[in-house]
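Novice: I am attaching a structure below and will ask some questions about it afterwards.
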Amino acid sequence: MPFELTIVTPEGAAYQGTVDRVVLPGTEGEFGVLPSHERFLSPLKIGALEIETAEGRLYAVITDGFAEVNGDEVTVLVDSCQLEHEIDFARADVELSEAEQALDRVAGDEPDRYRHFEAALASARARVEVSRKKSG
Amino acid sequence: MPNLKDIQRRIGTIKKTQQITRAMRMVAAAKLRRAQETSGRARPYADRMRATLTEVAQGVSEDSHPLFEVRENVRKVEAIVISSDRGLCGGFNSGVAKFAEAFIARREAEGCEVTITTAGRRSQEFFKRRRSGQLRDQYAQQGWVSYAQAAEIGKAASARFVAGEVDEVILVFNEFVSAMTQTPKDVRLLPFSTDTETDQESLPYEIEPSPERLLAVLVPKAVEVEIYQALLENQTGEHAARMAAMESATRNTEELVETLTLQFNRARQAAITRELVEIVSGAEAL
């Protein structure tokens with residue numbers, strides 16, 4: 001029995017559809033949601049999201065937010081969501097190494113900048129992860 | 001008697017102005033539509049965020065997040081004044097700036113120290129002239145409002161609140177009532193409060209890892225969402241106000257052209273009559 005998944009960002013709904021299973025990057029580790037999951041709320045961290053539908057598998061990279069599971073409805077609220085067709089896989093590896101270098105350059109006394117680049121790195125890692133999963 | 005050439009020239013310039021105001025009206029109308037669409041797309045996120053936050057906040061104590069902390073002795077207040085970057089939109093910006101000025105004066109009369117953060121170049125210019133010493137952060141919109149900017153403003157304000165540099169943060173912005181009306185209003189952003197009254201009795205959520213941890217994610221985001229919503233209202237209002245302003249400007253030029261054309265025709269008729277009289281009297285003299 002499939003359920004409804006909606007990914008909402010401040011810019012609008014990024015994804016809406018009937019899915020069989022979704023794997024989310026929770027702050028305490030990845031977790032999967034199957035139909036008739038209990039009512040559940042969990043914060044999410046930057047990472048890859050995996051959607052399984054009748055048509056196949058779909059990946060997306062999200063920033064932090066939270067997920068709300070309510071019966072047959074799963075709502076994911078995040079700042080931004082990049083679906084796999086919006087990701088430039090050819091650049092994923094380059095972006096990752098750029099993000100690593102940028103983070104190295106930031107001095108420890110700039111916590112704001114550090115956090116910013118840390119987030120960029122996590123997001124770059126998630127894109128690489130998705131590109132690996134897609135090709136492998 | 002005004003010169004025929006002069007009148008003609010004036011009609012020419014006014015018609016050119018009219019072309020400009022008419023074009024600006026059309027641009028504003030298109031932008032208004034786009035701004036309204038953006039606002040519409042942002043609403044589900046904001047509604048969902050508020051609903052979840054209300055539900056989660058019910059199950060925990062009041063001091064479960066530092067941004068909820070209501071301070072007894074409010075000494076330092078920060079006003080975030082939102083305006084547009086550009087003018088030519090009637091009283092839109094001066095309205096909100098004057099409202100903010102009155103608000104600041106009122107809080108100062110109560111003995112508070114007020115600092116100002118501006119989002120939008122117009123309010124920045126307004127306060128730079130009057131209260132430049134109180135200005136804190138200044139943001140410009142640079143085109144379309146982005147969530148990233150709202151997040152930036154929100155993070156800075158939250159950090160100051162948590163650090164105790166300010167005891168209260170107030171948002172001042174134009175509320176978009178309709179395409180014809182925008183009213184300035186002030187809303188308390190921090191300490192953050194959720195709607196406590198809720199009539200829906202729903203099953204409690206299983207919250208992983210803990211409600212406190214979830215709040216730590218939710219509350220800062222909810223603050224950003226409030227700012228984003230205010231920025232969007234301002235954006236929609238700006239284009240609506242500009243559209244109205246340009247419409248009335250176009251109407252004014254139409255009226256002017258009409259009066260001037262009338263004047264021109266009269267002057268031309270007078271000139272013809274004068275010439276005729278001259279010819280006739282010349283012929284009679286022969």
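Novice: Check the range A:54-62 and report whether any residue there is closer than 21 Å to B:Arg41 by Cβ, in contact with a Gly (Cβ under 9 Å, 6 or more places away or on another chain), more than 10 Å from every other protein chain (Cβ to nearest Cβ) and part of a strand (DSSP E or B). Step through it out loud before you land on a result.
Specialist: Step one: filter the range A:54-62 for residues closer than 21 Å to B:Arg41 by Cβ, giving A:60-62.
Now drop any that are not in contact with a Gly (Cβ under 9 Å, 6 or more places away or on another chain), which leaves A:61-62.
Filter again for more than 10 Å from every other protein chain (Cβ to nearest Cβ), leaving A:61-62.
When the remaining residues are screened for being part of a strand (DSSP E or B), the result is A:61-62.
So far as the range A:54-62 goes, yes, one or more of its residues are closer than 21 Å to B:Arg41 by Cβ, in contact with a Gly (Cβ under 9 Å, 6 or more places away or on another chain), more than 10 Å from every other protein chain (Cβ to nearest Cβ) and part of a strand (DSSP E or B).
Novice: For A:Gln101, all conditions in the list (1) buried (at least 18 other Cβ atoms within 10 Å of the Cβ); (2) outside the structural domain of A:Thr9 (by TED's automatic domain parsing) hold save one; what is the number of the exception?
Specialist: (1)
Novice: Looking only at the range B:9-20, decide whether some residue is crowded, with 16+ Cβ neighbours inside 10 Å, more than 21 Å from B:Leu262 (Cβ to Cβ) and among the basic types (Lys, Arg).
Specialist: No: the range B:9-20 contains no residue that is crowded, with 16+ Cβ neighbours inside 10 Å, more than 21 Å from B:Leu262 (Cβ to Cβ) and among the basic types (Lys, Arg).
Novice: Name the single residue that is surrounded by the fewest Cβ atoms within 10 Å (Cβ to Cβ) among those in the range B:61-98 being in contact with a strand residue (DSSP E or B) (Cβ under 8 Å, 6 or more places away or on another chain) and small (Gly, Ala, Ser).
Specialist: B:Gly95
Novice: Right, here's the next one. Among the residues that make up the range B:17-35, is at least one of them closer than 23 Å to B:Ala151 by Cα, within 14 Å of another protein chain (Cβ to nearest Cβ) and at pLDDT 90 or above? Walk me through it before giving the result.
Specialist: Pass one, the range B:17-35, residues closer than 23 Å to B:Ala151 by Cα: B:34-35.
Pick out the ones that are also within 14 Å of another protein chain (Cβ to nearest Cβ) and you get B:34-35.
Checking the rest, the ones that are also at pLDDT 90 or above come to B:34-35.
Within the range B:17-35, one or more residues are closer than 23 Å to B:Ala151 by Cα, within 14 Å of another protein chain (Cβ to nearest Cβ) and at pLDDT 90 or above.
Novice: Quick one: which strands (runs of 3 or more DSSP E) lie wholly within the range A:65-110 and hold at least 3 residues that are more than 17 Å from A:Glu11 (Cα to Cα)? Step through it out loud before you land on a result.
Specialist: Values: elements: A:65-70, A:73-78, A:81-83.
It comes to A:65-70.
Novice: Let me ask you something else. Show the residue pairs meeting these rules: Cβ distance below 7 Å; 6+ apart or different chains; first residue within the range B:104-115 and closer than 15 Å to B:Arg131 by Cα; second residue aliphatic (A, V, I, L, M) and in a helix (DSSP H, G or I).
Specialist: If the second residue must be aliphatic (A, V, I, L, M) and in a helix (DSSP H, G or I), the pairs left are B:Val114/B:Ile104.
Novice: Which residues, taken from the range A:51-79, are surrounded by fewer than 21 Cβ atoms within 10 Å (Cβ to Cβ) and either more than 18 Å from B:Arg50 (Cα to Cα) or not assigned by TED's automatic domain parsing to the domain that holds A:Gly26 (or both)?
Specialist: A:Glu52, A:Thr53, A:Ala54, A:Glu55, A:Gly56, A:Arg57, A:Leu58, A:Thr63, A:Gly71, A:Asp72
Novice: Can you name the helices (runs of 4 or more DSSP H) wholly within the range B:77-188 that have at least 1 residues being away from chain A (no Cβ under 14 Å) and of a type in the set (A, V, I, L, M)? Outline the logic, then answer.
Specialist: Details: elements: B:92-109, B:121-131, B:147-162.
Correct list: B:92-109.
Novice: When the range A:34-48 is examined, which residues are found to be away from every other protein chain (no Cβ under 11 Å), surrounded by 20 or more Cβ atoms within 10 Å (Cβ to Cβ) and among the aliphatic types (A, V, I, L, M)?
Specialist: The initial filter retains those residues of the range A:34-48 that are away from every other protein chain (no Cβ under 11 Å), namely A:34-36, A:46-48.
So of that shortlist, the ones also surrounded by 20 or more Cβ atoms within 10 Å (Cβ to Cβ) come out as A:46-48.
Those that are away from every other protein chain (no Cβ under 11 Å), surrounded by 20 or more Cβ atoms within 10 Å (Cβ to Cβ) and among the aliphatic types (A, V, I, L, M): A:Ile46, A:Ala48.
Novice: Given the options B:Thr198, B:Thr194, B:Thr253, name the one that is modelled with pLDDT of 95 or more and in contact with a helix residue (DSSP H, G or I) (Cβ under 8 Å, 6 or more places away or on another chain). Break it down stepwise before answering.
Specialist: Details: B:Thr198 fails: modelled with pLDDT of 95 or more; B:Thr194 fails: modelled with pLDDT of 95 or more.
None of the others qualify; the one that does is B:Thr253.
Novice: Further question: Among what's in the range A:1-30 and is facing another protein chain (nearest Cβ under 8 Å) and assigned to a strand (DSSP E or B), pick the residue that is surrounded by the most Cβ atoms within 10 Å (Cβ to Cβ). Step through it out loud before you land on a result.
Specialist: Our first condition is that a residue be facing another protein chain (nearest Cβ under 8 Å); within the range A:1-30, this holds for A:8-13, A:26-28.
The next check asks that each one be assigned to a strand (DSSP E or B); those that pass are A:8-9, A:12-13, A:26.
Details: A:Val8: 25, A:Thr9: 22, A:Gly12: 14, A:Ala13: 14, A:Gly26: 17.
Out of the qualifying residues, it is A:Val8.
Novice: Output the number of the condition that B:Gly164 fails; it satisfies all remaining conditions of (1) in contact (Cβ under 8 Å) with a residue 60 or more places away in the chain; (2) out of contact with any helix residue (DSSP H, G or I) (no Cβ under 9 Å at 6 or more places or on another chain).
Specialist: (1)
Novice: In the range B:39-49, how many residues are more than 7 Å from chain A (Cβ to nearest Cβ) and surrounded by fewer than 17 Cβ atoms within 10 Å (Cβ to Cβ)?
Specialist: First, pick out the residues of the range B:39-49 that are more than 7 Å from chain A (Cβ to nearest Cβ): B:39-40, B:43, B:46-47.
Narrowing further to those that are surrounded by fewer than 17 Cβ atoms within 10 Å (Cβ to Cβ): B:40, B:43, B:47.
So the count comes out to 3.
The values are calculated or read from the model by the stated rules, or taken from the named source; none is laboratory data. Quantities reported herein were computed from a predicted structural model and do not represent experimental measurements. Methodologically, a virtual Cβ is constructed for each residue, glycine included, from the backbone with ideal geometry; neighbour enumeration extends over all protein chains shown.
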